[in-house]
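Read the structure below first, then the notes.
The values are calculated or read from the model by the stated rules, or taken from the named source; none is laboratory data. Fair warning: this is a prediction, and the values are worked out from it, not measured in the lab. Here the Cβ positions follow ideal geometry from the backbone for every residue, glycine too, while neighbour counts run over all protein chains shown. Just so you know, the surface numbers come from the protein's heavy atoms only, side chains and all, with ligands and any DNA or RNA stripped out. Shrake-Rupley method; radii C 1.70, N 1.55, O 1.52, S 1.80 Å.
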Amino acid sequence: MTAPDEPATRHRLDGLEPDNLLAFLALLGLLRALEAESRDSLRPRAAWDVEHPPLRPVLHLARPLTQTEVAEAAAAGVARLAAAHEFGGRADLDHPRPDARDLLKAAAASPETRQRADLLTALMSDAAVKDAKDPATAPVDPTPLCLLFGQGHQHFLDRLASVPRTEVPPPRGRGKKAVAVSAADCLAEALFKPWHRDDPTFSFRWDPAEDVRYALMPGDPTDPAYKGGTQHGANRLAAIGIAALTLAPEPRAGRVRPAILGGRSDARGFSFAWPVWREPATLAAIRALLGHPGLRTPAALAHLGVDHVLVARRISVGKFMNFTRARAEER
Amino acid sequence: MTLVLEIEFLAGVAFAAVGPDSDRPDWPPQPDRIFSALVAAWAARGQSAREADALRWLETRPEQRIVASGALARTAPVSFVPPNDPGTGRIGNRSVLPDFRARQPRRFPAARPDDPTLRLIWTDADPDDATLAALDALAADTAYVGHSTSLTRCRFRREVEPEVLAAARPAQRRIYDGRLAELTAAFAAGRRPAPGARVPPAAEAAAMVRHGVFDSRWLLLDHVHGTMPDVRAAAIVAKTIRDALLNGYSGAGKRIPEIVSGHAPDGTPTRAPHLAIVPLAFVGAPYADGRVLGFALVPPRGSGLLNDPGFLAALRSKAELIEERGRRILTICTPKGTANGHAFRIELSPTLKADRRSLDPAPYLGPAHTFATVTPIVLDRHLKEKGAARQNEIIAQIIIACRNAGLPEPATITPDKGAPFAAVFPDKHSAIEGAVSAWPSGPAPAWTRWRLPKSLASRPLIHAVIHFAEKVEGPVLLGAGRFFGLGLCRAIEPERAP
């Protein structure tokens, strides 16, 4: 294991648990942020350390950096990409079809707005709209990763705009014991250390730990001490990472519905699968793996260095939705 | 040297969930769960350094294998239970009283193993006496594995019987160097520990399983309304379902494929495997009464029929979505003019996963060495022999039926004295509890006989137990009535991979 202050080209990301969708999206966000910050000099790639349990991803860089420098570069990249997270004050992902079309066309019109086009195309398509009397003005059917529709005053776009721009969470603790963390520290915690989820910041319900079952809690569920926090750095990276999962319209059951890289809808509902690959892969290569038609077929991607594939299912818990911890589906 | 941890589930039930979102029990418990139980015992006993060293020694031992029997997954309906420790700070807080405590939903997935004793084996582990004593002390205090209601008796042993060792299979998850530190750190931080390291499935084990021509993925037809005819009329109902499907193709404007109709384009019976429709009855349990709870469409293996757009269109055209009931309903009824006692009208709902246990295809799939018929086999030919020779003639026909269904031939048993014989045991009665005999007893009325479609009406019926030399993955459907649910077999030695 590399010491935190020792420059290295290989960094084991001990914070990113393999069966956690938020962690996987954070990994995508990390690669995206590093590419945005200094793609040519860092050439970031990721692989999974299959041989050394517990399973964790490893970041590979072209030149040695310390963990702090990695986090600083990622923070700078996130800040740069967060500029695209501007939704004109709209709180939910429910654009009427014409508005969605205009937004997408405007984003695609110029290479300068490539980051924004990436983000918007990961969120919606004007071809996939919800059932409505008038399809011409129907709201878009959002990405299946959107779990917030205003229930419990949780708004997806509102959070997608604010979380990447919130560089640091509020200081942890009270009074003199309050500890403030920097933007880089916050990301370093998410990447290199086990998560403590101490932050009272917004999240996207991608972390399976947010699936809180009162009956399974060790103490009084109404006690604020048991109120779960978030890992802000992970949510920041994941908010950036979602742009890597491009959405495309797909005909399904007589309707046009949204489909994303790695996603599939079947009789059991929506699930998201990601591979555990052995060799360092760029973000583009990972996207290609996620889009591979054999992704869900056991051992079909073995020749591409995929050890196994993890699948997280979207579930409803009361009025909220969550993702389960991912499990390897062998057959 | 070999080290064995023997765990006996004292109540014969293992409560352990795959996850909070799942109603599936985690059986057999994997080494990481068992190791966590040992670590919990270590903490409860005072975190002795000697015992911690023993656990650290144990976590570095490679190759963990499990010997566990098959298990029956209990249904895990939602229960409403009070959450923990309601606040007591407020005066007059009546929610502390049992009757007024809030209730929250949860499930209690559980497995009922055939053999309550499970063994976790380290094939290359030779602890010194002090380490073994420390481990055994921990094992002695490990009162449960999984949920705290899974009471256990645990002990470590050095020796293991050869036949037990031979039955050991690789675990699905394993512990590793540093697991104890990881668990203690997670506990101190109030975090849920991650599962153990995944062990890739052994490819050779899967390759050893043989299977027949029918697919293990079924479309279930859950009986939701109407009086279901007795299982003895299952072939008639199956034929009516098939006719409805064929009608659905016409209604959807699609050509009826050979794989569904069982007929070649020229109208002759096809020789290729085609769709079978089997009854799913309440059988194989002490109180089983044999009533039919649904049917299943069993396509030929690898045909992809259940995903075929034409098939789905035909099914949809006959099974309309009823909004108020939230499900599709396929209504099956006999033609007008059917005799009073034989007419039926039932509603079936297509689904890939049904709640009722009798609709679970797993008991029919194995893999297993031994299968027994639930519905009798319709023999392909009329019997000509009498007496003892007749029995051999039946066995020969069943062996041919296995061959026709793409299955291996039954095993051969070689007794100490006498000639070898095939491991096929025909009988009037089924070996499965609740299944109906192949023919009624002498004075029984005629209506207690099996009702068969005209093409099979005169054929002899027989139940059988068949033992294969190698593991076979079901479904096993034998005889001339296999496409109408006759000759449907159930595994009677459920052997599931750990």
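A few remarks follow.
- Residues located in segment A:198-231, provided they are part of a helix (DSSP H, G or I) and over 24 Å from residue A:286 (Cα atoms): A:209, A:210, A:214, A:215, A:216, A:224, A:225, A:226
- Picking from residues in segment A:160-175 that are outside any loop (DSSP other than H, G, I, E, B) and open to solvent by 40 Å² or more (accessible area, probe 1.4 Å), the one that is modelled with the highest pLDDT is A:165.
- Of the candidates B:345, B:381, the single residue that is loosely packed, with under 14 Cβ neighbours inside 10 Å and touching a Cys at 6+ places or on another chain (Cβ under 9 Å) is B:345.
- Among (1) at pLDDT 95 or above; (2) open to solvent by 30 Å² or more (accessible area, probe 1.4 Å), the one test that residue B:102 misses: (1)
- Scope segment A:197-227; condition in contact (Cβ under 8 Å) with a residue 24 or more places away in the chain and in contact with a helix residue (DSSP H, G or I) (Cβ under 8 Å, 6 or more places away or on another chain); matching residues: A:197, A:199, A:201, A:202, A:203, A:204, A:206, A:207, A:208
- Flag for residue B:69 being in the same structural domain as residue B:144 (by the TED database) and touching a helix residue (DSSP H, G or I) at 6+ places or on another chain (Cβ under 8 Å): no
- 3 or more residues modelled with pLDDT under 90: qualifying strands (runs of 3 or more DSSP E) within segment B:263-322: B:319-322
- For segment B:144-151, the criterion of being farther than 25 Å from residue A:217 by Cα and not hydrophobic (A, V, I, L, M, F, W, C) is met by none of the residues.
- Filtered residues of segment B:72-99 (kept if open to solvent by 70 Å² or more (accessible area, probe 1.4 Å), at pLDDT 85 or above and at the interface with chain A (Cβ under 9 Å from one of its Cβ atoms)): B:80
- Residue in segment B:427-434 that is surrounded by fewer than 20 Cβ atoms within 10 Å (Cβ to Cβ), part of a strand (DSSP E or B) and at pLDDT below 85 present: no
- Some residue of segment B:139-157 being touching a His at 6+ places or on another chain (Cβ under 9 Å) and not aliphatic (A, V, I, L, M): no
- When segment A:194-210 is limited to residues that are open to solvent by 20 Å² or more (accessible area, probe 1.4 Å) and among the acidic types (Asp, Glu), the one that is farthest from the other protein chains (Cβ to nearest Cβ) turns out to be A:210.
- Some residue of segment A:40-57 being modelled with pLDDT of 95 or more, out of contact with any Lys or Arg (no Cβ under 9 Å at 6 or more places or on another chain) and either under 22 Å from residue A:145 (Cα atoms) or open to solvent by 30 Å² or more (accessible area, probe 1.4 Å) (or both): yes
- Residue in segment B:324-341 that is part of a helix (DSSP H, G or I), of a type outside the set (D, E, K, R) and in contact (Cβ under 8 Å) with a residue 24 or more places away in the chain present: yes
- Going through (1) at pLDDT 85 or above; (2) within 23 Å of the chain's Cα centre (by Cα); (3) farther than 29 Å from residue A:32 by Cβ one by one, residue A:178 falls short only on (2).
- Residue under evaluation residue A:257, criteria (1) open to solvent by 20 Å² or more (accessible area, probe 1.4 Å); (2) within 14 Å of chain B (Cβ to nearest Cβ); (3) of a type in the set (D, E, K, R), criterion not met: (2)
- Top-ranked residue in segment B:464-484 [being in contact with a Phe, Trp or Tyr (Cβ under 7 Å, 6 or more places away or on another chain) and under 19 Å from residue B:439 (Cβ atoms); ranked as most open to solvent (accessible area, probe 1.4 Å)]: B:465
- Criterion (small (Gly, Ala, Ser), buried (at least 16 other Cβ atoms within 10 Å of the Cβ) and within 13 Å of chain B (Cβ to nearest Cβ)) met by exactly one of A:281, A:273, A:328, A:302: A:328
- Filter result (within 14 Å of chain B (Cβ to nearest Cβ) and either in a helix (DSSP H, G or I) or of a type outside the set (A, V, I, L, M, F, W, C) (or both)) within segment A:235-254: A:251, A:252, A:254
- Screening the candidates A:148, A:157, A:187, A:191 for the property of being buried (at least 17 other Cβ atoms within 10 Å of the Cβ), more than 14 Å from every other protein chain (Cβ to nearest Cβ) and under 28 Å from residue B:80 (Cα atoms) yields one hit, A:148.
- For segment A:128-137, filtering for residues that are surrounded by 19 or more Cβ atoms within 10 Å (Cβ to Cβ) and assigned to a loop (DSSP other than H, G, I, E, B) leaves 1.
- Looking across segment A:27-44, the residues that are under 17 Å from the mean Cα position of the chain (by Cα) and charged (D, E, K, R) come down to A:32, A:35.
- Wholly within segment A:1-120, strands (runs of 3 or more DSSP E) carrying at least 1 residues that are among the polar types (S, T, N, Q) and under 17 Å from residue A:192 (Cβ atoms): A:8-12
- Segment A:42-63 residues that are within 14 Å of another protein chain (Cβ to nearest Cβ) and in contact (Cβ under 8 Å) with a residue 40 or more places away in the chain, paired with ones that are buried (at least 19 other Cβ atoms within 10 Å of the Cβ) and aromatic (Phe, Trp, Tyr) (beta carbon under 8 Å, 6 or more apart): A:48/A:277; A:55/A:48; A:56/A:48; A:57/A:48
- All positions within segment B:281-297 that are among the β-branched types (Val, Ile, Thr) and touching a Pro at 6+ places or on another chain (Cβ under 6 Å): B:292
- Scanning segment B:342-354 for residues that are touching a residue at least 24 places away in the same chain (Cβ under 8 Å) and part of a loop (DSSP other than H, G, I, E, B) returns B:344, B:352, B:353, B:354.
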